[in-house]
1. Quick one: go through the stretch 134-153 and flag any residue whose amide nitrogen is under 12 Å from the point 7 Å out along the Cα-to-Cβ line of THR121.
2. Please check the chain for the longest run free of chymotrypsin sites (Phe, Trp or Tyr not before Pro) that are loop-located per DSSP (anything but H, G, I, E, B) and have at most 15 other Cβ atoms within 10 Å.
3. Express in whole angstrom the spacing between the alpha-carbon centres of the stretch 105-181 and the stretch 8-25.
4. Run lengths n ≥ 4 of DSSP H only: what is the helix-derived mean residue ellipticity at 222 nm for the chain, with -39500 (n - 2.57) per run over all residues, to the nearest 500?
5. Highest GNM mean-square fluctuation, the chain, Cα pairs closer than 10 Å: which of ALA171, ALA80, ALA41?
6. Could you compute the longest span of the chain free of GluC sites (Glu not before Pro) located in DSSP loops and having at most 13 other Cβ atoms within 10 Å, not counting the site residues?
7. If I take R0 = 25 Å and measure r between the Cβ atoms of VAL111 and ARG77 in this structure, what FRET efficiency does the formula 1/(1 + (r/R0)^6) give, to the nearest 0.05?
8. Please work out the FRET efficiency for the pair ARG47 and ASP150, using the Cβ-Cβ distance as r and a Förster radius of 22 Å; give the result to the nearest 0.05.
Amino acid sequence: MKRTLGGLLIFVIMIAVLLVMLQVLNWIPAAVQEGAFRKYASIEEIRERLKINPVYTPVYYPRIVQWPPALIAAQTRPYAAVLTEFMKSDDRNETILIITQTDRSHPPLAVKIRLTEVRETVKYPFKGRVAVLEVGVCQQEEQCSRMVWDEGEFRLSLVMRSSPVELVRIAESIVAQHPVR
């Protein structure tokens with residue numbers, strides 16, 4: 001009887017040690033990868049967990065853009081970056097708008113929407129800022145626009161499968177919340 005209780009006690013202790021080891025092993029990757037590029041549930045979660053502030057978001061979205069974003073991702077290492085992807089409202093499988101925010105000294109993140117041909121590039125002044133506005137075509141020969149400008153310590157880039165008029169409206173709604181300092 002003593003042998004059975006002793007064996008049972010050793011077994012329980014071994015299970016407890018094993019569970020603690022598994023918890024530590026599960027914690028290590030999260031601790032090592034803190035700040036690595038990953039998905040988040042909301043912009044607020046990025047602000048709270050990664051302490052990226054401000055996270056620039058538009059107030060205006062055209063009807064062709066579906067809210068909420070289909071993808072919200074961010075990182076702080078090796079540099080701060082936030083990416084939001086929006087789907088077309090009538091087709092959940094087509095990305096129509098991508099907004100990236102990176103540290104000013106770094107280029108925008110690689111995104112799904114790429115201009116395969118830039119037909120026009122202009123310096124576009126708006127609300128006390130100067131942006132580079134490009135108009136061209138994307139993969140399926142559809143009209144695409146890209147707008148890039150510096151906002152405080154960040155560089156913002158908006159790419160959209162649409163006319164530059166809609167893209168400029170979205171950009172203006174972002175900066176309306178953040179006056180030039």
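Every number in this text was worked out from the coordinates using simple rules, so none of it is lab data. Everything quoted here is computed from the prediction, not taken from an experiment. With ideal geometry, Cβ positions are generated from the backbone for all residues, glycine too; neighbour counts draw on all protein chains shown.
1. 134-135, 148
2. That would be 80-181.
3. Between the Cα centres of the stretch 105-181 and the stretch 8-25 lies a distance of 55 Å.
4. Calculated at 222 nm, the ellipticity per residue is -9500 deg cm²/dmol.
5. Maximum fluctuation in the GNM of the chain, among the listed residues, is at ALA41.
6. For GluC sites (Glu not before Pro) (loop position, at most 13 other Cβ atoms within 10 Å), the longest site-free span of the chain is 35-140.
7. Approximately 0.80, to the nearest 0.05.
8. My answer for the efficiency is 0.60.
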